[in-house]
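Beneath this line is the structure, given in structure tokens, with notes to follow.
The values are calculated or read from the model by the stated rules, or taken from the named source; none is laboratory data. Because the structure is predicted, anything quoted here is derived from the model rather than measured. For neighbour counting, all protein chains shown are included, and Cβ atoms are generated from backbone atoms with ideal geometry for every residue, glycine included. Accessible surface areas use protein heavy atoms only, side chains included; no ligands, DNA or RNA. Shrake-Rupley method; radii C 1.70, N 1.55, O 1.52, S 1.80 Å.
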Amino acid sequence: MFDHVTIRVSERDASRRFYETVLAPLGHVLSHSGDHFDEWNDFGLAQAREDRPVTRALHMAFVSRSREEADAFWRVGTEAGYASDGEPGLRPQYHESYYGAFLIDPDGNSAEAVYHGRAREGDNVIDHLWIRVADLAAAKRFYETIAPVLGLRIAGERAERFHVAARGRSFALVRGEPTSENVHIAFPVPDDTTVGEFHRLALAAGYRDNGPPGERRYHPGYYGAFVLDPDGNNVEAVHHNR
């Protein structure tokens, strides 16, 4: 469902070491490291700067292909001195086969390896996100506005959270403090016209512009548009023209 998710980090080298260490047992290897970004397929990190502050209070779950991989994720992380956020084990409150292990990254975000009792299709690194929001109803209105043009749908509504779903995956918007900050989420769309329609609909509904539709420097043909959600996170629609 994600084209990519990017976090901003306080010390790029330290964060790259953390994610290289803990994602390797899951079979996720660094796919790109350039002047500005380190990327593992649909997950990336970049150095924070004054106008793009550090990502905080985000929960990211990464695809694991077995319980043993989730165990190894936690083991290599804790042996390297990173803090545990929850030992490996079943989490039946999510579903009966949900098996997770949790660590804290260098900026205090929660990183999880999750196995659902079956192999995930595709080459995604990210399984799901939990994004804490200040106003759950406002977050829902935002996603209700942009969901149709992005091929998303609202699902799994509860008093304290709702899920946004597409193509067999989802992420959760959760009422709670501290709120998640400075998260960048990009969704794939089929053409440049849809990028423009995403931007037009969001601005017409009163949401803040963070970059009009147009080509970007990331690679030839990269066409994106950006808006801010009610908590100030950066949401993008992107077409790669490949």
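If you go through region 34-59 and keep only what is among the charged types (D, E, K, R) and out of contact with any strand residue (DSSP E or B) (no Cβ under 7 Å at 6 or more places or on another chain), you end up with Asp35, Arg49, Glu50, Asp51. When each of Val183, Val174 is tested for being under 29 Å from Ser33 (Cβ atoms) and of a type in the set (A, V, I, L, M), the lone residue that passes is Val183. Just one of the numbered conditions (1) in contact with an Asp or Glu (Cβ under 7 Å, 6 or more places away or on another chain); (2) closer than 30 Å to Tyr94 by Cα is not true of Ser170: (1).
Every residue, every condition in (1) more than 25 Å from Ala134 (Cα to Cα); (2) free of Cβ contacts under 8 Å to residues at least 24 places away in the same chain; (3) open to solvent by less than 20 Å² (accessible area, probe 1.4 Å), yes or no:
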position: His32; (1), (2), (3): yes, yes, no
position: Arg52; (1), (2), (3): no, no, no
position: Leu58; (1), (2), (3): no, no, yes
position: Glu68; (1), (2), (3): yes, yes, no
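If you go through region 1-50 and pick out every residue that is within 19 Å of Ala101 (Cβ to Cβ), under 15 Å from the mean Cα position of the chain (by Cα) and assigned to a loop (DSSP other than H, G, I, E, B), you end up with 0. Being of a type outside the set (S, T, N, Q), at pLDDT 95 or above and within 28 Å of Arg208 (Cα to Cα) holds for only one residue in His116, His128, and it is His128. The set of residues in region 165-201 that are buried (at least 19 other Cβ atoms within 10 Å of the Cβ), in contact (Cβ under 8 Å) with a residue 60 or more places away in the chain and among the hydrophobic types (A, V, I, L, M, F, W, C) comprises Phe171, Val183, Ile185, Ala186, Phe187.
Being touching a Ser or Thr at 6+ places or on another chain (Cβ under 6 Å), in contact (Cβ under 8 Å) with a residue 60 or more places away in the chain and surrounded by 13 or more Cβ atoms within 10 Å (Cβ to Cβ): is that true of Ala205 here? So Ala205 fits the description; yes. For region 193-242, please list each of the strands (runs of 3 or more DSSP E) lying entirely inside it that holds at least 1 residues being among the aliphatic types (A, V, I, L, M) and within 22 Å of the chain's Cα centre (by Cα). The qualifying strands (runs of 3 or more DSSP E) are 223-228, 234-239. Taking (1) of a type outside the set (A, V, I, L, M, F, W, C); (2) free of Cβ contacts under 8 Å to residues at least 60 places away in the same chain; (3) open to solvent by less than 40 Å² (accessible area, probe 1.4 Å) in turn, Asn124 satisfies each apart from (2). Scanning region 70-111 for residues that are under 17 Å from the mean Cα position of the chain (by Cα) and in a loop (DSSP other than H, G, I, E, B), we see that the one that is surrounded by the fewest Cβ atoms within 10 Å (Cβ to Cβ) is Gly108. Of all residues in region 11-30, those satisfying the criterion of being of a type in the set (A, V, I, L, M) and open to solvent by less than 60 Å² (accessible area, probe 1.4 Å) are Ala14, Val22, Leu23, Ala24, Leu26, Leu30.
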